[in-house]
Amino acid sequence: MSASHQWNTLQQSRMRRLERAAALAQGKRVEAERIVALLEAIIEPGDRVCIEGNNQKQADFLARAMVQTDPARVRELHLVQSVLSLPEHVDIIERGQVSRIDFSFSGPQSGRLARLVESGRITIGAIHTYLELFGRYFVDLTPHVALVAAQKADRQGNLYTGPNTEDTPAIVEATAFKGGIVIAQVNEIVDTLPRVDIPADWVDFTVPAPTPHYVEPLFTRDPALITETQVLTAMIAIKGLYAEYGITRLNHGIGFDTAAIELLLPTYATELGLRGKICTHWALNPHPTLIPAIEAGFVQSVHSFGSEVGMEKYVAARPDIFFIGADGSMRSNRAFSQAAGHYACDLFIGSTLQIDLHGNSSTATRGRIAGFGGAPNMGADARGRRHASPAWLKAGREGRGDIPMPRGQKLVAQVVETFREHMEPAFVERLDAWDLAESAGMDLPPVMIYSEDLTHIITEEGIAHLVRCRSPEEREQAIRGVAGYTPVGMGRDKRAVENLRDRGIVQRPEDLGIDPRQATRDLLAARNVKDLVHASGGLYDPPKKFRNW
Amino acid sequence: MSDATLFDALFGAGRHEVVIDGHFVCGPARLDDTPVAVIGTWDTAAVDGNLALAIAGEVLRVVEADAGGTPRPIVFIADTQGQALSRREELLGLNGCFAHVARCVDLARRSGHATLTLIHGEAVSGGFLAFGMLADRVVALPDAQVRVMDLRAMSRVTKIELERLQTLAKASPVFAPGADNYWRMGAVSTLWESTGGDWPAMLTAELAAARQVAGQDVRARTGAERGGRGLADIVAREVAGA
Amino acid sequence: MERFEITLPARAAGAARQTALAGVVSSGNLEVLVEAGQDPATCAIEVNTSAHGFREIWEAVLADFAERYPAGGLRIAINDAGATPAVVSLRLSQAFEDSTGEDS
Amino acid sequence: MNSRRISYFEASARARVAALADAGSFREYCPPAERRTSPHLARLDAPVAFDDGVVVGSATVDGRPVLIAAQEGRFNGGAVGEVHGAKIRGLLERAAREKPAAVLLLVDSGGVRLHEANAGLIAISEIMRALMAAQAAGVPVFAFVGGSCGAFGGMGIVTRLCDEVIMSEEGRLGLSGPEVIETVKGVGEFDSRDRALVWRVTGGKLRRALGEATRLVDDDARDFRAAAIAALSNHRRAPADLADLKAAQAALARRRSAHPETRDGLEVWRALGLPQPEAVPMLSSDAFNRQLHELSAEA
């Protein structure tokens, strides 16, 4: 019986595709003007396709080529990629060439995507976290065709992805070893690469793109835009959370709130005597706002998901801190850094748009399907963790109470202002995520961080140590207690909140010895991008839009 | 009014040698027996550095020529769409060229030249500010337009609805275009409403009036008297302590 | 703009107060002017705000201020361009402190 | 904490006055308690400020009596309306009479306030006349430019009428803002989002190199104060008589022909012979001033 079974259909399919493409390439090299024909030759109806879209690096030339393919030939695709950020990613759906998508984050395209879902023109499989999607690449969502971006290729087809390696290794490894085809757009083809990030025998075609791939400076926060309120919340975070738990290993979100924390390390945290005691090891992209803390000797190690535009020279000049190859440039890797953030960090701290009375938080709002990228992996207790650290153990003692088996817990904090712009309250009785799930026909409301994982909320009103609450009722009052003048905050039981204050579960700035009037921008180690450049010794080269000199 | 006829109407045919050179206009003229210098912009000029320097240079020539003699009245012609919009002009400091023009006009005033501006066509923001508004007296000729920005653009920038601005403009002269608004606020001394009058006689009278106020800035007071600017004079005097 | 006045009971401010101004009228910010008022047992507050419909929140923020500081006998005037309660509270305490004439 | 830099760029108008003046010496005219707010903003339902966005008063600087006006760039972009303009004009008229050691104009303004555009335009013209009258009365006027709005529109002209123009690199000085030029003439003429270009065309270093700014300081209010003190003892005089103005005319014409095609400050650095034109933006003001000084010594 088994003799009649075909065990190599994937390989045969791959050979057929390569044969169809052979005339369009010279070996592995494809010229830019033949790329559309090549895609039409290779892609078959119903294929799972990844058009590499990362947080920063984009296979933009290949995305544009996809939009030029014949919809009669390239159709019924199933897109499997972490980020849908280019207009072309959605254009190809609008052209009717895609029937299903599985992704993690859609940022700027979230509004258009929501409309396409509502009109029934596309089905969403799921909005994953990064690790979850990468996991499924190796289980049931392996791409048939991967369209990736690299900085350089050599003549054999080896790739150099440089500082912005991001998702490329995960995508290529899954595709290349399961009978798929890998096509890489490169900025240039050279004789010798600085280093090999992806070996040539995993790559089928390289095409020199007419323009370098686009990289978005997503992690640059201009210190000039940090408000006094954000300085205050940063002071509360440093004193009420970082110092309290002795947090050394951590990940930060990309908001201004956490940028403020980074910029207070060399000033406020140093004055508190915390250098060497907190914030030494990071899973973090090279945030420009981390430069002063690095220069002040606060930071010992940073592993990165991706890179950041303008930080290349600075990062390369700090090999003790960043992960630098033998060639002298950084290597990032989203999959590894996500795993590091999940298992090896004691704290995740980020921001959100809405928090409910239980402590569930979400950035999803009506009319936008954005997804959460990495935050849910960072912002979740790692049940598989088996190594201890003082911060993890302390949180575990507080959170799990008196259970016979000692276990730690990850610290997961959200820092928000009680009101966002236009006086939108950050605290709500019910998340918009419920309505969104209903209108988009999703099985689950898109929650970024679940209540059970959230240990702390920090607002300008103070810090709520949710991990120390003994009942759902206490938890609710602790949340109301830092919700200020929002309807949720005004609905608090004043006596219950005062009781929580007495027990150190809710701490106001004055309880921490912080005078809000001392929370001025003068505390920031850098007050503008130029200060960051100076702090870097001129090594940081900020994008034009961040210059004001 | 067309090129040739404006100066004929102002001074009488054959009584002036005003030359129009692109956007620059200048030349000698006479009112009765009084020689007058005409200097200004033409054909809704976008005032750039070259034009500003041409005006300043001509003012300096007039001042130098009359030094030690009888200072001639200077009649400025303002017809400008505003300052030239260009990166090069900004880099070279167009604002500095305008300041220089202003200083030259001030020198003329301090040297005893009566100064009068005739708005012919348009007078818009920066182009008008540099010289036209610095004269001791300003006359708006028929159909003259004076403005900073039209209401449509203002609505865009201030995010106030156009209809609302149009309604409010009827009650207040402070933001809407119009020579009459500038008259009410004291920045236009006189509105010449018809082309039919005896312009040489009217011009002579205006120059006499300009001599009367030379060196004083009476615009805020005039604006208050005309009900167009209630606070400028009061506040300035309070701060001046006078 | 929305305008309203609130008079709140408050502990007397004590020593003579000097006029003080904190903040700037710009988007998301406000200015708070503190002057000597009439009645030592109350604090009279006049609010001009560009954000409509938040009177309830203003009243709560101002009541907390009057409870926290000896603001009796003071007259306070506010020009607001959409500040959040956090910024309002901060400016109130800054202006109050400046009105004592001591360097904070 | 006194050793810490006080960012002039970030400081409010009142904080700038406090940093420039001798401690405790400032006396305000038309103070906020008088509530001289703009009736025109109120009529358009826009927020008003008790000082209408400008602080005016008297003070001493290093013991010398001065009059000071400081525009608040964060209130409506420091724009000049009827009351705002009248306060500055009144201060200059007071100067002509009282003859202080100098008038300090802390300019931070995009020009005319559109909500009361006509009143603002006229007010700027009145300021120009009052400023020149104060100078004619023997009172020097110094402009300080280092705020987020720079000195543009009519206030850009007013600034260039001053005897001294003291700028930081962050300060910008011009007539039409880059956004306006981009809107009317297109992004090819001026890309307002190319911030580095904006500063190379309008920023303090370019203005210093062209001689329009008389002193360039770092973004520290204490440096601005030091420059004010230096200017009080020895300052440039704005051209006033016929000979001065003829020379100024010739210099302006020379500048236009010396930089015939220039559209970028980088070309000015090159033409001036600065050793590393590309590195100019990152030079401290001291280092830049030194390079300029060395060039002028060579010339």
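The values are calculated or read from the model by the stated rules, or taken from the named source; none is laboratory data. No experiment lies behind these values; they were computed from the predicted model shown. With ideal geometry, Cβ positions are generated from the backbone for all residues, glycine too; neighbour counts draw on all protein chains shown. Note: accessible area is taken over every heavy atom of the protein model, side chains too, but ligands, DNA and RNA are not part of it. Shrake-Rupley method; radii C 1.70, N 1.55, O 1.52, S 1.80 Å.
Things worth noting here:
- The Kirkwood radius of segment A:23-93, taken over pairs of alpha-carbon atoms, gives through the Stokes-Einstein law at 37 °C and 0.692 mPa s a diffusion coefficient of 259 µm² s⁻¹.
- Compared with the rule-of-thumb size 2.2 N^0.38 Å for a compact globular protein, segment B:3-214 has a Cα radius of gyration ratio of 1.03.
- Viscosity 0.890 mPa s, temperature 25 °C, Stokes-Einstein D of segment A:7-62 from Kirkwood C-alpha radius, µm²/s: 191
- According to the Cα-based calculation, Rg over Rh for segment A:14-208 is 0.94, with Rh computed by the Kirkwood formula.
- Given +1 at the Cβ of Lys and Arg, -1 at the Cβ of Asp and Glu and no other charges, the dipole of segment B:28-166 around its Cα centre is 380 debye to the nearest 20.
- Buried accessible surface for the D/C chain pair comes to about 1200 Å², total over both chains, computed with a 1.4 Å probe.
- Taking every DSSP beta bridge that has both ends in segment A:223-533, the antiparallel portion is near 40%.
- Note: relative contact order over chain A, using C-alpha pairs below 8 Å and six or more positions apart, is 14 percent.
- Note, ³J(HN,Hα) from phi for segment D:44-56, Karplus 6.51, -1.76, 1.60, rounded to Hz, x at Gly and Pro: 8, 6, 9, x, 10, 10, 4, 9, 6, x, 8, 9, 10
- Close amide H contacts of residue D:29 (hydrogens built in the peptide plane, cut-off under 5 Å, sequence separation of 5 or more or a different chain): D:56, D:57, D:58.
- Spatial separation of Cα centroids for segment D:85-108 and segment A:332-399, in angstrom: 59
- DSSP bridge orientation in the protein assembly as shown - percent antiparallel, rounded to nearest 5: 40
- Mean-position separation - Cα centroids, segment D:167-215 and segment B:39-110, in angstrom: 23
- Scanning residues 5 or more positions from residue A:98 or on other chains, those with amide H under 5 Å from its amide H are A:76, A:77, with H placed 1.01 Å from N in the peptide plane.
- For chain D, accessible area per residue (1.4 Å probe, heavy atoms of protein chains only), Å²: 33
- Taking N as the residue count of segment D:1-147, its C-alpha radius of gyration divided by 2.2 N^0.38 Å amounts to 1.01.
- For segment A:223-533, the solvent-accessible area of protein heavy atoms averages 36 Å² per residue (probe radius 1.4 Å; ligands and nucleic acids excluded).
- Acute angle (nearest 10 degrees) that the helix D:242-258 long axis makes with the longest principal axis of chain D, alpha-carbon atoms: 50
- Integer Hz, Karplus 6.51/-1.76/1.60 couplings in order for segment D:173-182, x for Gly and Pro: 9, x, 10, 9, x, x, 4, 5, 5, 4
- Anisotropy class of segment A:223-533 from Cα gyration tensor, a/c 1.5 cut: rounded
- Cα-based helix-to-principal-axis angle, C:85-99 vs chain C, degrees rounded to 10: 30
- Each of the GluC sites (Glu not before Pro) that DSSP puts in a loop and that has at most 12 other Cβ atoms within 10 Å breaks chain A; the longest unbroken stretch is A:32-428.
- Cα-derived Rg to Rh of chain D, Kirkwood definition: 0.96
- Partner shielding of B:100-110 amounts to 6, given as the average count of beta-carbon atoms from other chains within 10 Å of each residue beta-carbon.
- Along segment C:51-58 the Karplus relation, 6.51 cos²θ - 1.76 cosθ + 1.60 evaluated at θ = phi - 60°, assigns HN-Hα couplings of 9, 8, x, 10, 4, 4, 5, 4 Hz to successive residues, with x for each Gly and Pro.
- Taken over the Cα atoms of segment A:372-505, the convex hull encloses 140 Å³ per residue.
- Distance between the modelled labels on residue B:163 and residue B:65, one decimal in nanometres: 5.7 nm (7 Å Cα→Cβ projection).
- Computed from the Cα positions only, the extents of the protein assembly as shown along the three principal axes stand at 124, 83, 60 Å, in decreasing order.
- Contact order relative to length of segment C:2-99, as percent, for alpha carbon pairs under 8 angstrom and 6 or more apart: 41
- Accessible solvent surface per residue of segment A:93-196, calculated while the other protein chains remain in place, 1.4 angstrom probe, Å²: 35
- Per residue of peptide C:46-54, the mean number of Cβ atoms on other chains within 10 Å of the residue Cβ is 2.
- In the protein assembly as shown, a dipole from Cβ-located charges (positive for Lys and Arg, negative for Asp and Glu) runs towards its positive end, and of A:416, A:319, A:90 it is A:319 whose Cα lies farthest in that direction.
- Beta bridges by DSSP in chain D, antiparallel share as percent, to the nearest 5: 40
- FRET E, pair residue A:201, residue A:8, Förster distance 22 Å, beta-carbon r, rounded to 0.05: 0.75
- Protection proxy ranking for C:22-29, A:488-495, using the average of other Cβ atoms within 10 Å per residue and placing the highest first: C:22-29, A:488-495.
- Probe 1.4 Å - accessible area at residue A:327, Å² to nearest ten: 50
- 5 angstrom amide H check on residue B:83, placed H, neighbours 5+ away: B:47, B:126, B:127
- By accessible area, using a 1.4 Å probe on protein heavy atoms only, the protein assembly as shown has 50% of its surface on carbon and sulfur.
- Segment C:2-99: equivalent-ellipsoid semi-axes (sqrt of 5 x gyration tensor eigenvalues, Cα, Å): 21, 14, 11
- Shielding by partners - mean other protein chain Cβ count within 10 Å, residues of D:55-62: 1
- Chain A gives an Rg/Rh value of 1.00, both radii derived from C-alpha positions and Rh following Kirkwood.
- Heavy-atom accessible surface that B and D bury in contact, both chains counted, 1.4 Å, Å² to 100: 6800
- Between 0 and 90°, nearest 10: helix A:334-343 axis offset from chain A longest Cα axis: 30
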